[in-house]
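Worksheet: the structure to be examined is printed underneath.
Since every read-out is calculated from the coordinates, none of them should be taken as a lab result. Treat the numbers as computed from the prediction; the structure is a model and nothing was measured. Here Cβ is always computed from backbone atoms with ideal geometry, including for glycine, and neighbour counts include all displayed protein chains.
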Amino acid sequence: MSRTSAQIAELSGSADNGKAQRYLQLMLLVLAAGSIYPVLYLRQVYQSTMLEVFAISNTELGYLYSMLGTLFLVSYLPSGWLADRIPPRFLISFSLVATGLLALWYSTAPGFNSLLVIYACWGISTGLTFWASVIKRVKMIAMHSEQGRFFGILDGGRGLVEALLATVAIALFAYATETQGQTVKTGFTHVVYLYAFTCLVIGALLLGVKDPKPSVSDDDLAENQKNNLLRDLKTLARIPELWLVAAIVFCGYHIFWATYSFSAYLQEGGFGLSAVMAGTITTIKLWMRPIGGIGGGYLGDKFSNISVLVVALVLATLGMIGLIVFPALHNLALLVFLVIFIGLLTYAIRGLYWAILDSCRIPLRITGLAIGIISVVGYSPDVFIPLINGWIADAFPGFLGYQIYFGYIAFIGALGVLAALTLQKMIRNKAGN
């Protein structure tokens with residue numbers, strides 16, 4: 001009989017892969033995940049500057065990101081397939097180096113046609129060769145008893161790295177443009193250089209770290225040479241736990257998307273908050289990511305990843321309902337606390353929903369493919385939630401629109417709770433409890 005993926009993960013934590021080395025590898029993966037994506041999304045801070053530097057319109061900028069999002073969606077499944085066939089270390093290193101080199105080209109402020117090429121290549125280097133490889137590598141280096149904390153540290157640490165790099169980047173930009181009196185183009189170039197060279201350095205460091213190797217005698221790995229994509233897809237399709245994990249990610253990602261509307265909600269909900277104050281509150285929420293991700297992961301390892309995830313989903317769903325009804329109490333402090341608390345729960349959910357994959361008895365040799373399938377389903381809200389949000393906002397302007405939107409999110413959150421409870425029951429039944 002084949003060993004379970006949990007047993008295989010335990011083997012990967014052998015003497016050759018001691019605790020200190022595994023945590024070192026995790027820290028490198030945190031740095032990789034935290035540094036590779038921000039250069040793609042500099043528009044969050046520098047959108048006006050980008051329009052000026054690249055001499056493009058908002059519409060053209062929208063084309064770039066629409067193409068990027070589409071490439072992500074179509075890359076998830078082949079990304080998992082690739083991660084099962086090429087050592088994750090090489091894929092991750094390639095992704096970082098390629099992203100860094102493309103960023104150096106980006107820093108020269110090329111024309112729009114060149115930008116299309118850069119963003120298309122970024123879609124490949126951060127989607128096809130990176131995403132599933134990182135998730136699978138974390139699963140490989142974490143022992144069964146460490147899955148929660150490792151994935152929690154990955155998501156929480158990634159958020160911390162992004163925040164720190166963003167702080168350094170804005171300081172470089174301000175120093176160049178305000179202290180030195182240089183052009184915004186020069187300041188933006190310094191920002192891109194920071195991210196480009198960070199990616200290149202981390203990519204080089206990861207090449208020097210050995211891949212953890214499970215037992216070569218394992219039945220699942222012995223079949224690795226005769227992998228068949230169609231057979232593997234059929235194998236995964238017959239694992240109900242995988243589809244429940246996909247449903248949980250789908251629902252949890254809805255809640256995460258709702259947090260993008262918190263700043264506008266606070267400004268337009270009749271609470272008397274300025275744009276600066278609303279932005280400050282939502283920035284505090286962003287700093288909940290390392291706390292929620294890492295804290296949720298450690299609680300998951302201590303009690304149960306699926307149990308802690310159920311609690312987080314329940315509380316987050318109730319929190320969305322709170323955003324609908326609490327304004328009637330006219331207690332601004334309570335509302336601000338609720339916004340920050342939902343942020344904390346959201347990041348805990350994100351830190352846990354990949355950790356529960358370890359309990360689904362998925363063969364390690366096709367774990368990457370499983371991650372790809374879950375990602376296609378789980379992250380599909382990227383395609384339609386902005387459309388739903390925009391339609392509701394236009395059809396029901398003001399506070400009513402936010403109530404309807406958060407009501408929709410709460411309904412999806414409740415479905416996520418149901419999926420998590422179902423998965424919890426299946427895991428307990430298979431464990432014989």
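Tabulated results
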item: Computed label-point distance, nm, for sites SER307 and CYS121 using a 7 Å Cα→Cβ extension; result: 5.0 nm
item: Inter-site label distance for MET67 and GLU52 at 7 Å from Cα along Cβ, in nm; result: 2.5 nm
item: Nearest-20 debye value, segment 227-433 charge dipole, Cβ charges on Lys, Arg, Asp, Glu; result: 760 debye
item: Flagged links, alpha-carbon separation over 25 Å, of LYS302/LYS425; LYS19/LYS285; LYS139/LYS285; LYS234/LYS430; LYS19/LYS139; LYS19/LYS425; result: LYS19/LYS285; LYS139/LYS285; LYS19/LYS425
item: Length released on extending from ILE86 to ALA264, taking residue separation times 0.36 nm less the Cα-Cα span; result: 59.7 nm
item: Computed helical MRE - 222 nm, the chain, DSSP H runs ≥ 4 contributing -39500 (n - 2.57), nearest 500; result: -25000 deg cm²/dmol
item: Average Cα contact separation per residue, segment 227-433, under 8 Å, 6 or more apart, as relative contact order %; result: 40 percent
item: Value of Rg to Rh for segment 291-430 (Rh from inverse mean 1/r over Cα pairs, i.e. Kirkwood); result: 1.02
item: Candidates LEU82, LEU164, LEU244, ranked by Gaussian network fluctuation over the chain, Cα under 10 Å, top entry; result: LEU164
item: The chain: relative contact order in percent, alpha carbon pairs under 8 Å with at least 6 residues between; result: 27 percent
item: Kyte-Doolittle at least -0.5, axis length at least 18 Å by Cα - qualifying DSSP helices, the chain; result: 19-36, 58-83, 88-106, 147-174, 184-207, 240-258, 288-302, 305-325, 332-352, 381-395, 399-431
item: Order of CYS251, CYS360 under a 10 Å beta carbon neighbour criterion, fewest first; result: CYS360, CYS251
item: Chain lengthening between TYR193 and PHE271 when straightened (0.36 nm per residue, less Cα-Cα); result: 24.0 nm
item: Cα gyration tensor, segment 12-152 - rounded (a/c under 1.5), prolate or oblate; result: prolate
item: Cα-based equivalent ellipsoid, the chain: semi-axes from gyration tensor eigenvalues, Å; result: 34, 29, 19
item: Charge-dipole axis of the chain as Lys and Arg at +1 and Asp and Glu at -1 on Cβ define it, positive-most pick from ALA370, ASN331, THR59; result: ALA370
item: ARG428-ALA20 pseudo-label distance in nm [points 7 Å out on the Cα-to-Cβ vector]; result: 4.2 nm
item: Cβ charges +1 (Lys, Arg) and -1 (Asp, Glu), total dipole of the chain, debye; result: 920 debye
item: Ordering of 283-295, 389-401 by burial proxy (mean other Cβ atoms within 10 Å per residue, highest first); result: 283-295, 389-401
item: Around ALA355: net Lys/Arg minus Asp/Glu count, Cβ-Cβ under 11 Å; result: -1
